[in-house]
Amino acid sequence: MYVTEYDAEVRGAVNALLEDEARRNHPSACTNCGTPSSIDICFDCLQCQQCRHCRRFLPHHCFVEQRLCRACNNKKHKPRPVIQNALNETATEIDIISAPEFTDYPNLISRNTDTITEHISTFVQRHGSILVGVSTETTFTRDLEGHFQRIPAFFHVLPQIVNTAQPFDIGFVSENLDTQVDQFTARGPGFQLETICRLVLCITPYRPIAGSTYIPTPKFLVGKQCIVNVRNHSDSKCFFWQCSRLYTNPSTTRNLSGSTRSTNTSLKLRDLHSPCTRNTSQNSRT
């Protein structure tokens, strides 16, 4: 049966016939609206507009622009969180700009100096000493023999140690990023900086590990009995006591205190200085 011309009444009748036939012969449903249908998309849904992103067939009032529904448009323009934390603030990313800007790094950083300084001061007060790095995303363009090209580029500035006695050198960041842009354009002839899409502060607490620092073995590793972790209180021979315990009784592995020390003549102590560097460990066994 072929239906070439129909009005509203004929359309309703055809839909009813198709639904009745679907119930009898093809007990399936439309994947778009869920009504019983003999085909994947029912007749009513096929008359609606399809969103190019979520691929749903929706009424015309659900679209805010051509072929993009309201829900997908809201997701597309959803603002990014300004501050993102991970591992209980072990790592923090702070977005300084929320939209692409057509400018260069010196001007951008100069306009956002107060914002950057305020964020850094907050984390210095919270953690005492922090590492602050800068990460950026940009786009470059060029016209190559009539062909327009646009490419992304990413630049990073190594972290600085920042605390109450050592402020953040924002001038160095500005100069470093500007130098990286010059080096990039020198390697890619014709490229010009178009936009700066993101400027992110990467902040982590700074806790340097010094001599005689003891880090307890995690509980899930203690039960495996695979690590020797000697706790030394009185001297700097941590590496020696570690190796001594390992070579004398390698099957017993646990958190050990200084009272469990035992000397071992199989270790060469003649050229071993405490505290020792990592490259001296290869000469510690006979």
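What follows draws every value from the coordinates through simple rules; no lab data is involved. Computed from a predicted structure; not experimentally measured. Ideal geometry is used to build each Cβ from the backbone, glycine not excepted, and the neighbour counts take in all protein chains shown.
Using R₀ = 51 Å, calculate the FRET efficiency as 1/(1 + (r/R₀)^6) where r is the Cβ-Cβ separation of Asp143 and Val222; round to 0.05.
Efficiency, from the Cβ-Cβ distance: 0.20.
Strictly greater than 19 Å: what percent of every Cα pair in the range 38-104 meets that?
Percent of Cα pairs beyond 19 Å in the range 38-104: 58.
Hey, can you grab everything whose amide H is under 5 Å from the amide H of Thr103? Only 5+ residues off in sequence or another chain; H modelled, so Pro and N-termini drop out.
The list, which skips near neighbours in sequence, is Ile196.
With θ set to phi - 60°, apply the Karplus curve 6.51 cos²θ - 1.76 cosθ + 1.60 along the range 152-167 and write out the HN-Hα couplings as whole Hz, x wherever there is a Gly or Pro.
Calculated HN-Hα couplings, in order: x, 8, 10, 10, 9, 10, 4, x, 10, 7, 10, 8, 5, 9, 10, x Hz.
So who's got an amide H within less than 5 Å of the one on Arg56, skipping anything under 5 residues away but keeping other chains? H placed 1.01 Å off N, in plane.
Cys51
Loop only per DSSP, at most 11 neighbouring Cβ atoms within 10 Å: give me the trypsin sites (Lys or Arg not before Pro) in the range 122-230, ordered by residue number.
Those satisfying the criteria are Lys224.
Quick check on the range 72-223: what does the Kirkwood estimate of hydrodynamic radius come out to from the alpha carbon pairs, in Å?
After inverting the pairwise mean of 1/r, the radius is 17.8 Å.
What shape does the range 158-219 take by its C-alpha gyration tensor, where a ≥ b ≥ c are the square roots of the eigenvalues and a/c under 1.5 counts as rounded, a/b above b/c as prolate, and the rest as oblate?
Prolate shape, in that a/c is at least 1.5 and a/b is the bigger ratio.
Amide H of Ser28 versus every other amide H placed in the peptide plane: which residues, excluding those fewer than 5 positions away on the same chain, fall under 5 Å?
Ser37
Okay, which of the range 119-147 sit inside 20 Å, backbone N to the point 7 Å along the Cα-Cβ direction of Thr195?
135-144
What are the ³J(HN,Hα) couplings of the range 62-76, residue after residue, when phi is run through the Karplus curve with 6.51, -1.76, 1.60 and θ = phi - 60°? Round to Hz, x for glycine and proline.
8, 10, 9, 8, 4, 6, 9, 6, 5, 5, 5, 5, 5, 5, 5
Any idea how far apart Arg187 and Val14 come out in nm if each label point goes 7 Å out from Cα toward Cβ?
If labels sit at Arg187 and Val14, their model points lie 6.1 nm apart.
Once fully extended, how much extra length lies between Arg55 and Thr117, figured as 0.36 nm per residue of separation less the alpha-carbon to alpha-carbon distance?
Residue separation times 0.36 nm, minus the Cα-Cα distance, leaves 17.8 nm.
Say R0 is 30 Å: what FRET efficiency, to the nearest 0.05, do Ala165 and Thr103 get from their beta-carbon distance?
Efficiency at R0 = 30 Å is approximately 0.35.
Each residue of the range 183-199 in order: what ³J(HN,Hα) in whole Hz does its phi give by Karplus 6.51 cos²θ - 1.76 cosθ + 1.60, θ = phi - 60°, with x for Gly and Pro?
Rounded to whole hertz, the list is 5, 5, 5, 5, 7, x, x, x, 6, 10, 5, 9, 9, 9, 7, 9, 9.
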